[in-house]
Amino acid sequence: MNSLSEDPQRRVGESERDEAVRRLQEAYAAGHVSHQEMDARLDQVLTATTHDEVEAALAALPREEKGTTATINAATGRIKRRGAWRVPRHLKVESAYGRVRLDLSRAVIEHPVIDIELHLGTGRAGITVPRDAVVDFDDLYTGLKDTRYKPPRRPGPGRPRIRVFGAMGMGRLTIRHARR
């Protein structure tokens, strides 16, 4: 979370609160805070009413790296990423008409949590995640077709977490785990 506001007494909005919760979860996943410390700080963030109170809960956390957000945008046609590409912390994909194919199975993933924000009109989307990844797509709105996803039988420890959210109009999202 960047410096939230010039006015530390300004009331906290839901997006700022969500961002603070995300940062705390990432700090825990990276080993920067203990489970007990994360619980205490989460309670502090969730009960905070001002930006000053939220900043106090995040005070000792490492600063986020700049430049970890990327946007891929296409009005029509295909969006395709595969091979050894570097996955940003937050990837925003926008397409009005066309297909989207993201293959993260051989990608360079440097963050414990990856957010993929989809804003798609029509067309299908497919995401291949690493074999050991944990996938969360509860905050994805799908218009006509449900998301297809089959979680792995035995997920292992230390796996990346991939959160998919946003909105899809008339297409279907298929998420699958890499076979190797």
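The values are calculated or read from the model by the stated rules, or taken from the named source; none is laboratory data. Given the structure is predicted, the values throughout are model-derived calculations rather than measurements. Don't worry about glycine lacking a Cβ; one is built from the backbone with ideal geometry, like all the others, and counts go over all protein chains shown.
Structure notes:
- Any hit, segment 91-103, residues being surrounded by fewer than 16 Cβ atoms within 10 Å (Cβ to Cβ), touching a strand residue (DSSP E or B) at 6+ places or on another chain (Cβ under 7 Å) and closer than 16 Å to residue 162 by Cβ: yes
- Of all positions in segment 103-113, none carries a residue that is farther than 25 Å from residue 23 by Cα, in contact with a Ser or Thr (Cβ under 7 Å, 6 or more places away or on another chain) and at pLDDT below 90.
- Unmet criterion (only one of (1) among the polar types (S, T, N, Q); (2) more than 18 Å from the chain's Cα centre (by Cα); (3) assigned to a strand (DSSP E or B)) for residue 44: (3)
- Against the conditions (1) under 30 Å from residue 145 (Cβ atoms); (2) free of Cβ contacts under 8 Å to residues at least 40 places away in the same chain, residue 24 satisfies every one except (1).
- Candidates are the residues of segment 59-95 that are touching a Pro at 6+ places or on another chain (Cβ under 8 Å) and assigned to a strand (DSSP E or B); the one that is modelled with the lowest pLDDT is 69.
Condition check ((1) surrounded by 18 or more Cβ atoms within 10 Å (Cβ to Cβ); (2) within 17 Å of the chain's Cα centre (by Cα); (3) β-branched (Val, Ile, Thr)) across all residues:
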| residue | (1), (2), (3) |
| --- | --- |
| 108 | no, yes, yes |
| 115 | yes, yes, no |
| 125 | yes, yes, no |
| 133 | yes, yes, no |
| 136 | no, yes, no |
| 148 | no, no, no |
| 151 | no, no, no |
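- Conditions (1) modelled with pLDDT of 85 or more; (2) within 30 Å of residue 63 (Cβ to Cβ): number failed by residue 147: (2)
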